[in-house]
């Protein structure tokens, strides 16, 4: 199999997991090529670094104003491509570690924070419903994408750093589940991908000051226009929108409905048969309430599997 063929398709399985890229705010994951195809049995190991600055928060239920928070986020992730009902699917796990420092206003009062620690790990199961047949490495070289439709479910496990005496933390002290549906249509080297999802939050029963904090679902929509070069390099331009997430604190409804619009770009560069590098950046264009930040970062991927 040609290196560039694997590089172009497997690049999508990196799942721009950089949940870094905007996963600092859990409902704003920006992820081009999430719904693509790759040979069954392939494994992917990813290490990434991202830097964000602005009104960044790991917990989107915390509305901050006048924020200037700087975050260095590293993560490792593992993914494996599976066969699910004759189509390809995958399982992935992400383990983040972060350091953040800065100041912000919360409900009119200034707050400051400097902290390092592990974030909440994330597990995700994805499957394609049509258009992405489960293929071996040997058979995959003849595959050409047309229309792929799929879905996924992601779960965040609340085991990261958390201090209820502090407003800003790296862990969130609550579960969340995020189901998604996506479709990806290819026209020659161009691919258009649309993804919609909803993030459902558990309650944080030990929020700042010992309060109980609940949050409405956050609905998200993202679109990616992707161009694949014959060398295996691919580039993506992204627009993402989210709405919802109004919170309730000890039964009192907050006036903090979130609405955000972001733009981003991604560039994936194959190095050799097994290694590739991904560069990314995204920025908030419009924010009503919630996190508003700029992010840049880089990810390294190593891939291996039977017959590869």
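Residue-by-condition table, conditions (1) under 26 Å from the mean Cα position of the chain (by Cα); (2) touching a residue at least 40 places away in the same chain (Cβ under 8 Å):
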position	(1), (2)
105	no, yes
116	yes, yes
123	yes, no
152	yes, yes
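Of all residues in the stretch 254-273, those being touching a residue at least 12 places away in the same chain (Cβ under 8 Å) and part of a loop (DSSP other than H, G, I, E, B) number 5.
So, residue 277, is that one at negative phi, surrounded by fewer than 18 Cβ atoms within 10 Å (Cβ to Cβ) and at pLDDT 90 or above or not? When the stated conditions are applied, residue 277 passes them. Filtering 248, 199 for residues that are out of contact with any helix residue (DSSP H, G or I) (no Cβ under 9 Å at 6 or more places or on another chain) and part of a strand (DSSP E or B) leaves a single hit, 248. You will find that of 67, 112, the residue that is out of contact with any helix residue (DSSP H, G or I) (no Cβ under 8 Å at 6 or more places or on another chain), closer than 30 Å to residue 253 by Cα, free of Cβ contacts under 8 Å to residues at least 24 places away in the same chain and assigned to a strand (DSSP E or B) is 112 and no other. From the list 166, 178, the one residue that fits, being part of a loop (DSSP other than H, G, I, E, B), farther than 30 Å from residue 144 by Cβ and touching a strand residue (DSSP E or B) at 6+ places or on another chain (Cβ under 7 Å), is 166. For the stretch 64-78, taking the residues that are within 14 Å of the chain's Cα centre (by Cα) and crowded, with 22+ Cβ neighbours inside 10 Å, the one that is nearest to residue 132 (Cα to Cα) is identified as 77. Of all the listed residues (35, 97), the sole one being within 16 Å of the chain's Cα centre (by Cα), modelled with pLDDT of 90 or more and outside any strand (DSSP E or B) is 35.
Filtering the stretch 144-163 to residues that are in a loop (DSSP other than H, G, I, E, B) and either crowded, with 16+ Cβ neighbours inside 10 Å or at positive phi (or both) leaves 145, 160, 161, 162, 163. Of the candidates 240, 268, the single residue that is modelled with pLDDT of 90 or more, touching a helix residue (DSSP H, G or I) at 6+ places or on another chain (Cβ under 7 Å) and within 28 Å of residue 202 (Cβ to Cβ) is 240. Does residue 137 count as farther than 23 Å from residue 231 by Cβ and surrounded by fewer than 22 Cβ atoms within 10 Å (Cβ to Cβ)? In short, no. Looking across the stretch 234-244 at every residue that is farther than 19 Å from residue 180 by Cβ and free of Cβ contacts under 8 Å to residues at least 40 places away in the same chain, the one that is surrounded by the fewest Cβ atoms within 10 Å (Cβ to Cβ) is identified as 237.
The values are calculated or read from the model by the stated rules, or taken from the named source; none is laboratory data. These figures come from a predicted structure and were not determined experimentally. All Cβ positions, even for glycine, are placed from backbone atoms using ideal geometry, and neighbour counts span all protein chains on display.
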